[in-house]
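The values are calculated or read from the model by the stated rules, or taken from the named source; none is laboratory data. Everything numeric here is computed off the predicted structure, so don't read it as measured data. Here the Cβ positions follow ideal geometry from the backbone for every residue, glycine too, while neighbour counts run over all protein chains shown. Heavy atoms of the whole protein, side chains included, go into the accessibility calculation; ligands, DNA and RNA do not. Shrake-Rupley method; radii C 1.70, N 1.55, O 1.52, S 1.80 Å.
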Amino acid sequence: MSKKFYITTPIYYPSVKLTIGNSYTTILCDAIARFHRMLGYDVFFLTGTDEHGQKISKVAKERGKTEIEHLNEIVDDTKKLWASLNISYDKFIRTTDELHVSAVKKIFNKLYEKGEIYKTHYTGKYCVPCESFWSEGQLIDGKCPDCGREVIDSNEECYNFKLSKYTDKIRDLYKNNPEFLQPQNRVNEMLNNFLNEGLKDLCVSRKSVKWGIPVDFDSDHTIYVWIDALTNYISALGYSSDDDSDFKKFWPADVHVVGKEIVRFHSIIWPAILMALDLPLPKTIFGHGWLLFNNDKLSKSKESGSKEVIDPRILIENYGSDSIRNFLIGEVNFGSDGPYTQESFLLSYNNNLANTVGNVASRTLGMAEKYSDGIIYEAEKLSELDQKFKNDVISLKQKSIEEIKNLKPTNSYNHALEILQKCNLYIDETKPWELYKEGKTSEINTFLNLLCQAQLEAYTLLIAFLPEKVPQVFEKFGVEIPKIIDENNSFNILKAGTKVNKGENLFNRLDIAKENEKLINIAKSI
Ligand code: MSP
């Protein structure tokens, strides 16, 4: 039986603006999902949209549309963007889907029947953009501690979930399962900011919000958007429906990947709800950092006022979708914040894509054409240098695989690139042009064979990270696009006697100053 791997992104608020910031989670999840498929896992990769709540009604109204008209348009745009970024999701869930709505109602009823939810009155503060409740004491300068915006007074009858009784259980969960909440610093954030002072019961219905899922037994109330949203992770698998085979197969999730600002919903409220429902808990919540733009998060909660191009569609049009994936995966260490500038984006394109991914293959294939008419022969006797090169490549391959399993895609990607950098070094050290002059055919054959095999190992690892261009490289080497990464065997992707063909470069070097100016002009014009 194959190993299963269930990975999720948060479901997105259908906002009108799409930025590279809010593509971050999805791109990283996609790379992790693709890599796991190539390691032979049966992967279920879920994404979708979070479509209820006050904010949606407000935006729809501002646009002169009904909620569902507005949503359909945005969902369409979102799906188009994911397609152009090569996002390989297995399911796209919308919280307006009938099956989801029915699952949320059932869960709410069940929690009520079990005495986990009770009717009361809420008086406190509410942040509409974040859909979060806050007490006076939690505000910073009277504003929302998450996004810094104005909060509103909320004073209404509501249903509360008995979150307070889970304080110790959640602490124990963190203590006994260090893999539950990652990276480790997120645990301290949760303990210091919420758990140490004890959890408060959570208001889980709204009387004043009409655009939401109604409480089955009290239709004056709609269900709090975060309860609605979190449920997507199981409703998407058919939980509580006639066909719950995916739920049986894939739950519990292997990892919910989320931005750091929503870790508390996933690592406190979600496990408490699952405990209340007697359901297994996800294995890992991974709270990644933010892509920062002028030290600010490009996202739902703040205006950026930027002069730089942050619309992924424009970057894709100019540099292809791998350019964005390369930057977000390779330059922002997964788990930490990382700055974005146009210049660093272009520099990274040149370093990683043009000079490394593109250049090594053309250099190698050019040499193969020159030194052996494009035919790659069997490797013969390995010199010390050859053997060391081979060992280094195998060790980097293993590290790349290991790191993706440890949820470290940035390291995994960089190890795969290191293989290609090692290839460049191996060429410089072997000096094949001298071997050629001296007529050392056997050494040339060994050299070309090892060099091609090493690159094919690297390109196989890179498919998950750069799925637009990297698959095209295999044809040049005369081999099929690999479907799996062979963890136990290396240096045997290419069969001796294969003819290679240099063809076009995968990525060409950019003139940074020129491109930067072009982007500044585009940014000014939009
Ligand atoms: N709807 C909720 C999630 C509910 S999940 C049950 C939500 N949506 S969101 O659209 O605001 O954010 C979706 C994801 O985009 C989050 O993981 C968020 O952290 C991520 N990002 C938005 N801007 C970002 C950056 N600038 N950098 C990295 N990720 C960012 O929250």
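Residue-by-condition table, conditions (1) surrounded by fewer than 20 Cβ atoms within 10 Å (Cβ to Cβ); (2) over 24 Å from Lys58 (Cβ atoms):
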position	(1), (2)
Asn188	yes, yes
Lys210	yes, no
Asp242	yes, yes
Ala276	no, yes
Leu279	yes, yes
Pro282	no, yes
Self-check item: Answer from Gly374, Gly439, Gly358, Gly366 - the residue that is at pLDDT 95 or above, within 22 Å of Glu504 (Cβ to Cβ) and exposed (fewer than 15 other Cβ atoms within 10 Å of the Cβ)
Solution: Gly366
Quiz item: Would you pick out the residues in segment 4-42 that are touching a helix residue (DSSP H, G or I) at 6+ places or on another chain (Cβ under 8 Å), assigned to a helix (DSSP H, G or I) and open to solvent by 10 Å² or more (accessible area, probe 1.4 Å)?
Solution: Met38
Practice problem: Check Ile223 against each of (1) open to solvent by 10 Å² or more (accessible area, probe 1.4 Å); (2) touching a residue at least 12 places away in the same chain (Cβ under 8 Å) and name the one condition it does not meet. | Solution: (1)
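Per-residue answers, yes or no, for (1) touching a Leu at 6+ places or on another chain (Cβ under 6 Å); (2) farther than 17 Å from Met367 by Cα:
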{"site": "Gln398", "(1), (2)": "no, yes"}
{"site": "Ile401", "(1), (2)": "no, yes"}
{"site": "Lys405", "(1), (2)": "no, yes"}
{"site": "Ala416", "(1), (2)": "yes, yes"}
{"site": "Asn424", "(1), (2)": "no, no"}
{"site": "Lys431", "(1), (2)": "no, no"}
{"site": "Glu438", "(1), (2)": "no, no"}
{"site": "Phe447", "(1), (2)": "no, no"}
{"site": "Gln455", "(1), (2)": "no, no"}
Quiz prompt | Those strands (runs of 3 or more DSSP E) lying entirely in segment 43-159 with at least 1 residues of a type in the set (A, V, I, L, M) and surrounded by 17 or more Cβ atoms within 10 Å (Cβ to Cβ) | solution = 91-94, 117-127
Self-check item: Residues within segment 36-64 that are aromatic (Phe, Trp, Tyr) and either under 27 Å from Ile314 (Cα atoms) or within 13 Å of the ligand (Cβ to nearest atom) (or both), tallied
Solution: 1
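For the condition touching a residue at least 60 places away in the same chain (Cβ under 8 Å) and under 30 Å from Asp141 (Cβ atoms), what is the one hit in Val215, Val257, Val209? Before you say what the answer is, go through the steps one by one.
Numbers: Val215 fails: under 30 Å from Asp141 (Cβ atoms); Val257 fails: under 30 Å from Asp141 (Cβ atoms).
On inspection, the qualifying residue turns out to be Val209.
Matching residues to (1) within 16 Å of the ligand (Cβ to nearest atom); (2) part of a loop (DSSP other than H, G, I, E, B); (3) farther than 14 Å from Val101 by Cα; (4) not hydrophobic (A, V, I, L, M, F, W, C):
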{"position": "Asp228", "(1), (2), (3), (4)": "yes, no, no, yes"}
{"position": "Ile234", "(1), (2), (3), (4)": "yes, no, no, no"}
{"position": "Leu237", "(1), (2), (3), (4)": "yes, yes, no, no"}
{"position": "Asp243", "(1), (2), (3), (4)": "no, yes, yes, yes"}
{"position": "Lys248", "(1), (2), (3), (4)": "no, no, yes, yes"}
{"position": "Ala253", "(1), (2), (3), (4)": "yes, yes, yes, no"}
{"position": "His256", "(1), (2), (3), (4)": "yes, no, yes, yes"}
{"position": "Ile262", "(1), (2), (3), (4)": "yes, no, yes, no"}
{"position": "His266", "(1), (2), (3), (4)": "yes, no, yes, yes"}
Exercise. Only residues that are open to solvent by 30 Å² or more (accessible area, probe 1.4 Å) and assigned to a helix (DSSP H, G or I): list them for segment 446-482, please.
Key: Gln472, Glu475
